[in-house]
Number of protein chains: 2
Amino acid sequence: MSVDKELLKGSTQTLVLTLLARKEMYGYQLIKELELLSGGLFELREGTLYPILHALEAERCVRSEWSSGDGARQRKYYSITKAGRAALKDKKVQWSEFRSAVDKVVFG
Amino acid sequence: MSVDKELLKGSTQTLVLTLLARKEMYGYQLIKELELLSGGLFELREGTLYPILHALEAERCVRSEWSSGDGARQRKYYSITKAGRAALKDKKVQWSEFRSAVDKVVFG
DNA sequence: TATCTAGGCATAGATATACGAGGTGTGGAG
DNA sequence: CTCCACACCTCGTATATCTATGCCTAGATA
């Protein structure tokens with residue numbers, strides 16, 4: 001992670017859900033996509049991402065399915081659920097409020 | 001804390017240093033001021049703040065001094081150091097980059 | 001006077017989250 | 001054949017915050 005990793009805490013689920021809201025993806029792809037979209041700032045580790053995906057699945061925010069293309073490399077595709085979209089909406093609001101409050105204090 | 005407390009991680013030092021850059025303050029005052037400035041969003045606990053102040057002092061980012069006014073309640077005033085101002089400058093940049101990257105991913 | 005509330009400092013244990021290291025296996029390029 | 005990127009996973013550790021608790025003072029209130 002290029003930025004202080006502590007800054008990331010609390011926003012990773014939001015980031016992951018945001019990507020999955022656009023299209024279903026598999027874990028490795030999420031990492032690469034996130035790195036690309038953030039301009040290289042977020043280099044999420046596998047040891048970070050997979051536990052998050054499993055937690056989101058346990059909370060019924062995402063659903064997973066193994067790809068079954070013959071001969072193709074096995075990938076586990078994750079897609080967002082209705083509950084996931086609702087959670088994402090909340091998280092976006094939380095992020096906005098938080099960001100604005102920090103900006104207000106730090107930059108006046 | 002009104003917002004997800006995990007979001008706060010990594011930015012509390014920045015918030016504290018920002019306030020101390022404006023004027024020297026004591027712990028309890030920092031909590032109240034931060035709550036006020038953030039519109040009630042940041043309700044930092046004493047158990048959170050004091051360890052942070054001690055850590056910042058150990059890193060020579062702040063300096064502390066007990067108030068010595070006769071009869072007055074004893075307060076420990078913290079003031080930012082030159083090193084603290086340099087650290088704050090870095091942290092502000094980090095915060096800006098992080099905020100922009102999250103926004104880019106989450107809001108497009 | 002006695003008690004309650006707010007102010008003021010501090011530490012200890014629990015909890016949450018990310019990382020690093022390690023493990024398994026596939027498939028294509030040199 | 002070997003190496004590296006792909007692709008999944010778990011576990012121990014580090015870090016940061018919160019909750020709970022403790023101690024003490026000063027002013028308000030019953």
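In this structure, A:GLY10 does satisfy being in contact with a Leu (Cβ under 9 Å, 6 or more places away or on another chain) and either open to solvent by 60 Å² or more (accessible area, probe 1.4 Å) or in a loop (DSSP other than H, G, I, E, B) (or both).
Take A:LEU34 and decide whether it is closer than 25 Å to B:LYS5 by Cβ and touching a strand residue (DSSP E or B) at 6+ places or on another chain (Cβ under 7 Å).
no
Among the residues of segment B:3-14, those identified as among the polar types (S, T, N, Q) and either at the interface with chain A (Cβ under 7 Å from one of its Cβ atoms) or more than 11 Å from the chain's Cα centre (by Cα) (or both) are B:SER11, B:THR14. Taking segment A:76-95 as the range and being within 23 Å of B:LEU34 (Cβ to Cβ) and surrounded by fewer than 14 Cβ atoms within 10 Å (Cβ to Cβ) as the test, only A:VAL93 passes. Evaluate the following for B:LEU17: is it within 14 Å of chain A (Cβ to nearest Cβ) and in contact with a Leu (Cβ under 6 Å, 6 or more places away or on another chain)? Answer is yes for this residue.
Within segment B:66-91, work out how many residues are in contact with a Phe, Trp or Tyr (Cβ under 8 Å, 6 or more places away or on another chain) and modelled with pLDDT of 95 or more.
Result for segment B:66-91: 3.
Across segment A:20-33, the qualifying residues are those that are under 17 Å from A:LYS82 (Cβ atoms) and within 11 Å of chain B (Cβ to nearest Cβ), and the one among them that is most open to solvent (accessible area, probe 1.4 Å) is A:ARG22.
The values are calculated or read from the model by the stated rules, or taken from the named source; none is laboratory data. No experiment lies behind these values; they were computed from the predicted model shown. Ideal geometry is used to build each Cβ from the backbone, glycine not excepted, and the neighbour counts take in all protein chains shown. Note: accessible area is taken over every heavy atom of the protein model, side chains too, but ligands, DNA and RNA are not part of it. Shrake-Rupley method; radii C 1.70, N 1.55, O 1.52, S 1.80 Å.
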